[in-house]
1. Under a 1.4 Å probe, what is the accessible area of segment 57-162 per residue, stated in Å²?
2. What FRET efficiency would be calculated for the residue pair residue 28, residue 50, taking the C-beta separation as r and a Förster radius of 41 Å, to the nearest 0.05?
3. At a 1.4 Å probe radius, carbon and sulfur cover how many percent of the accessible area of the chain?
4. For segment 393-454 and segment 37-111, compute the distance between their C-alpha centroids and round to whole Å.
5. Sort 233, 108 by heavy-atom solvent-accessible area, probe 1.4 angstrom, most to least.
6. So if R0 is 56 Å, what FRET efficiency would residue 106 and residue 336 give, r being the distance between their Cβ atoms, rounded to the nearest 0.05?
7. Percent relative contact order of segment 256-364, based on C-alpha pairs within less than 8 angstrom and at least six residues apart?
8. Within the chain, what's the longest run with no trypsin sites (Lys or Arg not before Pro) in a DSSP loop and at most 13 other beta-carbon atoms within 10 Å? Give the range, please.
Amino acid sequence: MMSAGQQFVAGTYLPETAQRQDLRISVSSTGTITPIDSYKVSALVNGEIVEAPFEEGDWVEKGALLYRFDAEDAQNAVQQAQLSVAQAELGYRTAQESVNPYSTASGIVQKLYVSVGDPVAVGDPIADVGDNTTMTVEIPFHSADAAGLYVGQTGTLTIEGTMETVTGTIESISGADEVGAGGALIRQVKFRVSNPGGLTGTTAVVGSVACAGSGTFSQSTGQTVVAQTAGEITALHVTSGSPVSYGTVLATIGGTAAETTLENARIGVENAKLALDSRLQALENYEITAPISGTVIEKNFKAGDNVDSSAVTSAGGNLAVLYDMSTLTFEMKVNELDINNIQVGQEVEITADALEGMTFKGYVDKININGTTANGRTTYPVTVVVEGTPEELKPGMNVSAEVLVEDAGNVLCVPVEAVQRGNTVLVAGQGALDESGNLVDPTKLEERPVTLGRSSSEYIEILDGLEEGETVYVQNIASNAMAMMMGVGG
């Protein structure tokens, strides 16, 4: 019985040989496979879906149409906002014109009524503008003859006094008869001619039809420009005799009232444009496009469906779900003791419980230094990218990962569990072994200090204290527990 007990206690130690081997130093953890990118499609508007040209399993490109909602009301709102902008801009132009009175015809400034510094009220005259490059003259024709004439017809006009002739074009024919000299019925025919200068009275012949009297030339156009707002003349941009064209600003009206009118009109334009931008942005919400290229994993609504908050909630909160599975990735938690050994680009060996016997490759893509502390231990998230996008790996699969930190090469090693606290190992002392080299007396085992090097999860490098081929002893925890139960050993 004593001999059997001694042998049992001896069996609580397992012999291990210090030997040279390739030592790969790695850090292990776990994670869950996810696509490189994913997107849950949601809606910012309610209403009927009029188009949804995709199906589950389809590959869609970024920017492709996913859903189009009925946008009639939103389009009407945009059109109304556009009209408001046009109206506001018209008001602003009117305000600008009111403080910058301008000529509405080409001609010559014949008279200025104001000077810089003069106050003006609405309706006060600013300047007279006339066009003396073209003249008009009304000449009476017998009503019967006038009935045969038409607008645009040319005639020959004879200048009284010089008997010079010029060509004129009929601009208008009166529609009402008048009583002329001797009681004859006449109609006034207006001719337009280029002004060669010095024109006074004239007669006219159109074809074979002669006039019934003479007429006097006048400028074809003339206007008096008046103030459209009250204020003070702060600038004059023309002088008497200045040639002007349509739109030429004659003066500038300043003062508090004028400036307030202009500023209010400008603010009105800005507000209208902001409202239009808001309507246009709202209209964009009626078309939903793919924000990423990927595979449709879920399609929860189709054309003809009505979307509201309750319908979306019933569908899991999404209209559709897209996965970009061109690259697979996962996040692993690395202990604070190991994180400094992890570097971007390091090789990762990946296995999955669901894929027994299969191994995949990857690499460290990102190291996040925002650690999480729980139960006195801090871990850091490390992102790993799977190489090659293997079809066997699916999103949601649990994987184990081993990051190759260093390949130490061929070095002297012992199992990690062979090293005791204080960096010592157990070796056989005098009387510990029998003649066959079997451990017979564990009490004769001796502690020997060793110098440690690098380690993996299974083996540790011995730099000093052991020679290749020496035997160290490791406590067999299971056998040791059995011995305690039997009351054998100490």
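1. With the other protein chains kept in place, segment 57-162 gives 52 Å² per residue.
2. Numbers: r = 53 Å, r/R0 = 1.30.
Efficiency at R0 = 41 Å is approximately 0.15.
3. Exposed carbon and sulfur together represent 47 percent of the surface.
4. Taking the Cα centre of each part, segment 393-454 and segment 37-111 sit 75 Å apart.
5. Details: 233 0, 108 50 Å².
Descending accessible area places them as 108, 233.
6. 0.05
7. Here the relative contact order equals 18 percent.
8. 63-301
The values are calculated or read from the model by the stated rules, or taken from the named source; none is laboratory data. Keep in mind it's a predicted model, so treat the numbers as computed, not measured. Backbone-built Cβ (ideal geometry, glycine too); neighbour counts: all protein chains shown. Just the protein is used for accessible areas: all its heavy atoms, side chains included, with ligands, DNA and RNA removed. Shrake-Rupley method; radii C 1.70, N 1.55, O 1.52, S 1.80 Å.
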